[in-house]
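Asks: My structure is below; once you've seen it, I'll send some questions.
The values are calculated or read from the model by the stated rules, or taken from the named source; none is laboratory data. Keep in mind it's a predicted model, so treat the numbers as computed, not measured. Note that we place each Cβ from the backbone using ideal geometry, even for glycine, and neighbour counts take in every protein chain shown. Ligands, DNA and RNA are stripped out before the accessible areas are found, and what is left, the full protein with its side chains, is counted by its heavy atoms. Shrake-Rupley method; radii C 1.70, N 1.55, O 1.52, S 1.80 Å.
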Amino acid sequence: MTTPAARSGTGQPAELFFEDLVPGLTVDLGVVTVDGDEMVAFARRFDPQWYHVDPDLAGESRHGGLIASGFYTVSLFMRAYVDHLLSRAAADASPGLEELRWLAPVRAGDRLAVRVDVMGARPSTARPGLGTVSLTGTMLRLGADDRPEQEVLRTRFRGWFAARPTEAEPAAPADPPEADLPEADRPDDGPTGADQPASEPAETDPAETRPAETRPAETSPDGPEQPEGGPAKAEPHD
């Protein structure tokens, strides 16, 4: 019997499990291009600071124009992480971040290469059947020649992933009762009293079956055999 199939982070059958996420593994999460309209819409909804939403003020500042909210940038990282890893892996929840750093401004039109590195992995002590994986995610701005120019985001976090399901050993069949065994498989202990045919009595010596008083006396050429010491004498009575 096989345990139920583990599901990926997007609900499909998983193909990667805790055992596959070994320290030293790097997973390429693709390249994302920053959409200017989406960047500003996100900021207006969730982080409406002037250097995210007001192009005139942002253009006159040291930023030289609008820059993305850091939470928009990390949301781009999260989407790439889901699309390229969690959609395939038996992912559970995450216990949280250890580090989140915005290292350089992100602007509309930037092309960002995304990757995640596995830093450590161990079975979870709190959740049997899961393993805790320590990960580092990075985003790097690419130049016109597709070479990395600058790291713009770094994050360290942990994720829980299910261990690979195993097939249970089939239970050994119980021995059938002796009455159900074929004749050739029954224990060879010889026939019992109930198995002895009534028409075949046990062989005996005819002399052994006669009453004692009808047995002929054993004689010798000198007459009936007497006890040692001659005939017994009658004892006088008082």
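Asks: Any residue in segment 105-133 that is touching a residue at least 12 places away in the same chain (Cβ under 8 Å) sitting within a Cβ distance under 6 Å of a residue that is acidic (D, E) and part of a strand (DSSP E or B)? List the pairs, counting only those 6 or more apart or interchain.
Replies: Partner pairs satisfying both residue conditions: R115/D28.
Asks: Moving to a separate point now. Given the residues D146, D110, which is the only one that is more than 21 Å from A89 (Cβ to Cβ), modelled with pLDDT under 95 and more than 28 Å from the chain's Cα centre (by Cα)?
Replies: The conditions single out D146.
Asks: Identify, from the list F46, F17, the residue that is loosely packed, with under 14 Cβ neighbours inside 10 Å, among the aromatic types (F, W, Y) and either touching a Gly at 6+ places or on another chain (Cβ under 9 Å) or closer than 14 Å to T73 by Cβ (or both).
Replies: After ruling out the rest, the residue left standing is F46.
Asks: Can you pull out every residue in segment 68-121 that is within 12 Å of V133 (Cβ to Cβ) and open to solvent by 50 Å² or more (accessible area, probe 1.4 Å)?
Replies: Of everything in segment 68-121, those that are within 12 Å of V133 (Cβ to Cβ) and open to solvent by 50 Å² or more (accessible area, probe 1.4 Å) turn out to be D92, S94, P95, M119.
Asks: Exactly one of these conditions fails for G9: (1) over 18 Å from the mean Cα position of the chain (by Cα); (2) surrounded by 17 or more Cβ atoms within 10 Å (Cβ to Cβ); (3) modelled with pLDDT of 95 or more. Give me its number.
Replies: (3)
Asks: Where the second residue is open to solvent by less than 30 Å² (accessible area, probe 1.4 Å) and in a helix (DSSP H, G or I) and the first is touching a residue at least 12 places away in the same chain (Cβ under 8 Å) and lies in segment 6-19, which pairs have Cβ atoms under 6 Å and are six or more apart or on separate chains?
Replies: From segment 6-19, the pairs are G9/L86.
Asks: Which of the helices (runs of 4 or more DSSP H) found entirely inside segment 46-104 contain at least 2 residues meeting this: touching a residue at least 60 places away in the same chain (Cβ under 8 Å) and within 30 Å of P13 (Cβ to Cβ)?
Replies: Counting at least 2 such residues, we get 70-81.
Asks: Sticking with this one: Counting just the residues of segment 125-148 that are part of a strand (DSSP E or B) and of a type in the set (S, T, Y), which one comes out most open to solvent (accessible area, probe 1.4 Å)?
Replies: Selected residue: S134.
Asks: What residue, among those in segment 20-43 that are in a helix (DSSP H, G or I) and farther than 17 Å from D92 by Cα, is most open to solvent (accessible area, probe 1.4 Å)? Don't jump to the end; show me each part of the working.
Replies: Step one: of segment 20-43, the residues in a helix (DSSP H, G or I) are 20, 36-43.
Add one more test, that the residue is farther than 17 Å from D92 by Cα, and what stays is 36-43.
Working: G36: 24, D37: 129, E38: 99, M39: 6, V40: 22, A41: 58, F42: 47, A43: 1 Å².
The extreme case among them is D37.
Asks: A follow-up question, please. Considering only residues that are part of a loop (DSSP other than H, G, I, E, B) and among the acidic types (D, E), look in segment 149-186 and name the one that is modelled with the lowest pLDDT.
Replies: E169
Asks: Then there is this: Can you find a residue in segment 116-136 that is under 23 Å from E38 (Cα atoms) and not hydrophobic (A, V, I, L, M, F, W, C)?
Replies: no
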